[in-house]
Amino acid sequence: MSQEELCVSPVFKLEDPSTSDTHTLGTTVLPGLRGNLALLSATCQLLITLESRPPVLLFSYFSKISALKSLMDTPPILPPTPEPPAPSDAELKQWTVITHVCPLIGLVVPFAGNIVAPLIVWLIKKPELPGLEPVGKTVLNFQISWSIWMIIASAIGVAASCLIVPLLLPLGFVVAWIVFTIIGSIKASNGEPYEYPLTLKILQ
């Protein structure tokens, strides 16, 4: 390997004061084994070149090699990781409405869909949308509470099946549940908070 091939980056040029000759040291700064091999090659070339040179110049050369070795040992500075964009108010509003309205799946899957659907939406989206945290708790508290009330109303209706009023009690709870769910969804679309009635504070 010629001297010109070694002069890549960084390049050190030293002038011999006794002969006015200029000696160039260059090597590619590479990490790990390749960097050490490049440094060894440059050092061997210096030993051959400086065989008849004064000790002062030899010391100066090896000082430059030490500086180059320190440069190679320095870890690279990585650019900072860009932060993800903050969620917009429109996106938060959209998922707030979805969280309020998706319990209506319970009309297809009673006593399960009305709880599982908002729970899935809440667990998936709350890391991205911190503002969805209280919304999900409010909806889940309402759905769990009203599932309990409807189970109790159904049990009363079965126990007192000979009477008309107990039979209508479960149906009344279902209609009220649908109405309150729709009202909560409308309030959410308008950006207004809504407190569901007869709701237990299960999730704080």
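Just so you know, all these numbers are worked out from the coordinates, no wet-lab data involved. Only a predicted model underlies this, so the values are computations on that prediction, with no experimental measurement involved. Cβ atoms come from the backbone with ideal geometry, glycine included; neighbour counts cover every protein chain shown.
Going by what's in this entry, would PRO110 be described as within 14 Å of TRP95 (Cβ to Cβ), free of Cβ contacts under 8 Å to residues at least 24 places away in the same chain and in a loop (DSSP other than H, G, I, E, B)? For PRO110, the condition - within 14 Å of TRP95 (Cβ to Cβ), free of Cβ contacts under 8 Å to residues at least 24 places away in the same chain and in a loop (DSSP other than H, G, I, E, B) - is not met.
For every residue, the table says whether it meets (1) in contact (Cβ under 8 Å) with a residue 60 or more places away in the chain; (2) buried (at least 18 other Cβ atoms within 10 Å of the Cβ); (3) within 36 Å of the chain's Cα centre (by Cα); (4) in a helix (DSSP H, G or I).
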residue: PRO103; (1), (2), (3), (4): yes, yes, yes, yes
residue: ALA117; (1), (2), (3), (4): no, yes, yes, yes
residue: ILE120; (1), (2), (3), (4): no, no, yes, yes
residue: GLU133; (1), (2), (3), (4): no, no, yes, yes
residue: GLN143; (1), (2), (3), (4): no, yes, yes, yes
residue: ILE152; (1), (2), (3), (4): no, no, no, yes
residue: VAL158; (1), (2), (3), (4): no, no, no, yes
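All of (1) assigned to a loop (DSSP other than H, G, I, E, B); (2) under 12 Å from THR99 (Cα atoms) hold for THR199 with one exception: (2).
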